[in-house]
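Below: the structure, in structure tokens.
The values are calculated or read from the model by the stated rules, or taken from the named source; none is laboratory data. Keep in mind it's a predicted model, so treat the numbers as computed, not measured. Here the Cβ positions follow ideal geometry from the backbone for every residue, glycine too, while neighbour counts run over all protein chains shown. For the accessible areas, the whole protein counts, side chains as well, though only heavy atoms, and no ligand, DNA or RNA atoms are used. Shrake-Rupley method; radii C 1.70, N 1.55, O 1.52, S 1.80 Å.
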Amino acid sequence: MQLSTFTTNPEQLIDRIAEHGLCVINNFLPEDTVTALSNEAQQLKRASAMQEAGIGREHLAIDKNIRGDSIHWLDEGNSSEAQKGYFEQMESLRLNLNQHLYLGLFGLESHLAIYPAGAFYKRHLDCFAKPTPGKPLRKVTCIVYLNHNWKTEDGGQLRVYLNKADEDHRIDIAPIAGRAVIFLSDTFYHEVLPANRERISLTGWLLTRA
Ligand code: OGA
Ligand code: MN
């Protein structure tokens, strides 16, 4: 399972999701798009256009002992060239998943996230056990990493728990530039381990109707 979740071949993506519910894919976005998105995230931070990420249903509570990143929600109707490239890639992922796996995905919400050195996000699931009636559900999580020259000793891995009942059954994925981790939002607990340098990600959730 461990090795077969990794692929660089976009054609294997659907098979991996169908088989394991999880896929790691390198070069999900082109190099120049990754660089531009990373610069945009840093610029938003400098311009104080990022907010401390909240937790819970309405994202209202700030708790640095649970998550320490700052986020910026993307608006598809008001997007940069690089963001357009990202949205196009996500749209083709959405159609691909719908065509082959009948997931009924109809929308996307995405945020850039910056984790300062030392920040983390404790073990969690991306959707709630009890959905809010009438509100769309997060069905597929897609995290794209925007960190150039990331080294193993920089830490900051995404730890994905492969089995709810067995904490030891997990993989640690380095947040290297251009890599995407795609998984079923209601299936995989995951956490962000602390890094010793700033760590940037772009997370999108493909939505389905409750
Ligand atoms: C999240 C999340 C992981 C990451 O935002 O829900 O789990 O690697 N992000 O940024
Ligand atoms: Mn998450």
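List the residues of region 111-143 whose backbone N lies under 16 Å from a point placed 7 Å from the Cα of ASP63 along the Cα-to-Cβ direction.
Backbone N within reach: 120-129.
Below 23 Å, Cα to Cα, which lysines can LYS130 reach? Residues fewer than 8 away in the same chain don't count.
LYS130 reaches LYS122, LYS139, LYS164.
Would region 31-133 count as rounded, prolate or oblate if I go by the C-alpha gyration tensor, calling it rounded below 1.5 in a/c and otherwise prolate when a/b exceeds b/c, oblate otherwise?
Numbers: a/c = 2.06, a/b = 1.11, b/c = 1.86.
Oblate, because a/c is 1.5 or more while a/b does not exceed b/c.
Which whole-Hz ³J(HN,Hα) couplings does region 56-63 yield from phi under the Karplus relation 6.51 cos²θ - 1.76 cosθ + 1.60, θ = phi - 60°, glycine and proline marked x?
3J(HN,Hα) across region 56-63, in whole Hz: x, 4, 9, 6, 8, 7, 9, 9.
Rounded to the nearest 500 deg cm²/dmol, what is the calculated helix-only ellipticity per residue at 222 nm for the chain, with -39500 (n - 2.57) per DSSP H run of length n ≥ 4?
-7000 deg cm²/dmol
Length gain on complete extension for the stretch LEU125 to GLU88, per 0.36 nm per residue less the alpha carbon to alpha carbon distance? Could the numbers behind the result be given before it?
Values: separation 37, 0.36 × 37 = 13.32 nm, distance 2.61 nm.
Difference between extended and current length: 10.7 nm.
How large is ³J(HN,Hα), in whole Hz, for each residue of region 154-167 in order, when computed from phi with the Karplus curve 6.51 cos²θ - 1.76 cosθ + 1.60 and θ = phi - 60°, using x for Gly and Pro?
6, x, x, 5, 8, 9, 10, 8, 7, 9, 4, 8, 9, 4
What's the local net charge at ASN98, with K and R +1, D and E -1, over the other residues with C-beta under 11 Å away? Could you put the intermediate results ahead of the total?
Working: positive: ARG94, LYS139; negative: GLU91.
Here the charged neighbours net out to +1.
At most 15 other C-beta atoms within 10 Å and a DSSP loop state: those are the exposed chymotrypsin sites (Phe, Trp or Tyr not before Pro) I care about. Give me the longest piece of the chain that has none.
Excluding the exposed sites themselves, the longest stretch runs over 1-101.
Out of residues 5 or more away from LEU103 or on other chains, whose amide H comes under 5 Å of its own, with H placed 1.01 Å from N in the peptide plane?
It is ASN98, by chain and number.
Quick one: if you stick a label point 7 Å off each Cα along the C-beta vector at ASN26 and ASP168, how many nm between them?
Placing both labels 7 Å beyond Cα along the Cβ direction yields 3.0 nm.
Report the antiparallel proportion of the DSSP beta bridges in the chain as a percent, rounded to a multiple of 5.
On the way: 44 of 47 bridges.
Around 95 percent antiparallel, to the nearest 5.
Looking only at trypsin sites (Lys or Arg not before Pro) in DSSP loops with at most 16 other Cβ atoms within 10 Å, what is the longest site-free stretch of the chain?
Values: sites that count: ARG57, LYS64, LYS151, LYS164, ARG197, ARG209.
Excluding the exposed sites themselves, the longest stretch runs over 65-150.
For region 7-79 and region 169-210, what is the separation of their Cα centres, given in Å?
8 Å
How would the chain be classified by its alpha-carbon gyration tensor: rounded, prolate or oblate, with rounded meaning a/c under 1.5 and the a/b versus b/c comparison settling the rest? Walk me through the numbers on the way to the answer.
Values: a/c = 1.16, a/b = 1.14, b/c = 1.02.
Rounded, because the longest to shortest axis ratio a/c is under 1.5.
Tell me, which longest segment in the chain has none of the GluC sites (Glu not before Pro) that fall in DSSP loops with at most 15 further Cβ atoms within 10 Å? Intermediate values should be presented prior to the final figure.
Details: sites that count: GLU58, GLU167.
Segment 59-166 is the longest.
For the chain, with every protein chain kept in place, what is the accessible area per residue (1.4 Å probe, Å²)?
Each residue of the chain exposes 50 Å² on average to a 1.4 Å probe.
Using the Cα centre of region 91-193 as origin and beta-carbon charges of +1 (Lys, Arg) and -1 (Asp, Glu), tell me which of LEU162, HIS124, LEU193 is placed farthest towards the positive end of the dipole.
HIS124
Using a Gaussian network for the chain with springs between C-alpha atoms less than 10 Å apart, which of these wobbles most: THR132, THR35, THR152?
Looking only at THR132, THR35, THR152, the biggest GNM fluctuation is shown by THR132.
What is the percent carbon and sulfur in the accessible area of the chain, measuring with a 1.4 Å probe over the protein chains and ignoring ligands?
Working: 5100 of 10450 Å².
The C+S portion of the solvent-accessible surface of the chain is 49 percent.
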